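The next block holds one structure in the form of structure tokens; read it before the comments.
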Amino acid sequence: MTTIRTIVGDTELRAVWPLVSQLRPHLDENGFVAQMHRQIAEGCRATVLYDEQDVPRAFACWRVMEMLAVGLHVYVDDLITDQAVRSRGYGKTMLDWLKAEAKRLGCARLQLDSGTHRQDAHAFYLRERLRIEAFHFGVKLD
């Protein structure tokens, strides 16, 4: 039996760092915790799926946003499943939870961006009925 909980404290954030570092290796633990505190203060939520032994297996960083293009929606900044236990349903369970939470909050959509090199993630999203709806453009500001 898995459980899904929203986390906010240092201890919980540090406990999930080994999982988050799999997708965000450019950060370090202290930087991750500090940044998450800033993002949480701005309305971001950190949600963790724990397995039967209370080990973090999936992590989502997400927020409720409103945009002219799509209205009120949940935007998922990060959705990470522990690479050691992929294809065991943890990612699907977390994504289903996020969809249900978005509906509960009155959102019309769930959206996320995924790096172009993450083909396995794309296959998962397409299986879960997410569709490629736009191109995301960005530029580094020097």
| request: Leaving ligands, DNA and RNA out of it, work out the accessible area of Thr116 with a 1.4 Å probe and give it in Å² to the nearest 10. | output: 120 Å²
| field | At 1.567 mPa s and 4 °C, Stokes D of the chain from Kirkwood alpha-carbon radius, µm² per second | value | 81 µm²/s
| Given the Cα atoms of the stretch 34-105, and with Rh set as the inverse mean 1/r over their pairs in the Kirkwood sense, what is Rg to Rh to two decimals? | 1.01
| request: Determine the order of Glu66, Glu101 by accessible area, beginning with the largest, at a probe radius of 1.4 Å. | output: Glu66, Glu101
| request: Take each of the peptides 88-97, 67-76, 54-63, 131-140, average the number of other beta-carbon atoms within 10 Å over its residues, and list them starting from the highest. | output: 54-63, 88-97, 67-76, 131-140
| query | What is the local net charge at Arg63, summed over the other residues whose Cβ is closer than 14 Å to its Cβ (Lys, Arg +1; Asp, Glu -1)? | reply | -3
| Estimated 222 nm signal from helices in the chain, with DSSP H stretches of n ≥ 4 weighted -39500 (n - 2.57), rounded to 500 | -10500 deg cm²/dmol
| field | Two-decimal Rg to Rh for the stretch 72-142 - Kirkwood Rh, Cα set | value | 0.99
| field | Given charges at beta-carbon only (K, R positive; D, E negative), |dipole| of the chain in Debye | value | 500 debye
| query | Spin-label point model (7 Å from Cα, Cβ direction): what's the Lys140 to Met1 distance in nm? | reply | 4.8 nm
| task | Quick one: order Asp77, Asp142 from most to least accessible surface, probe 1.4 Å. | result | Asp142, Asp77
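The values are calculated or read from the model by the stated rules, or taken from the named source; none is laboratory data. Please read these numbers as outputs of a predicted model, since none were measured by experiment. Backbone-built Cβ (ideal geometry, glycine too); neighbour counts: all protein chains shown. Heads up: the accessible areas ignore ligands, DNA and RNA and are worked out on the full protein's heavy atoms, side chains in. Shrake-Rupley method; radii C 1.70, N 1.55, O 1.52, S 1.80 Å.
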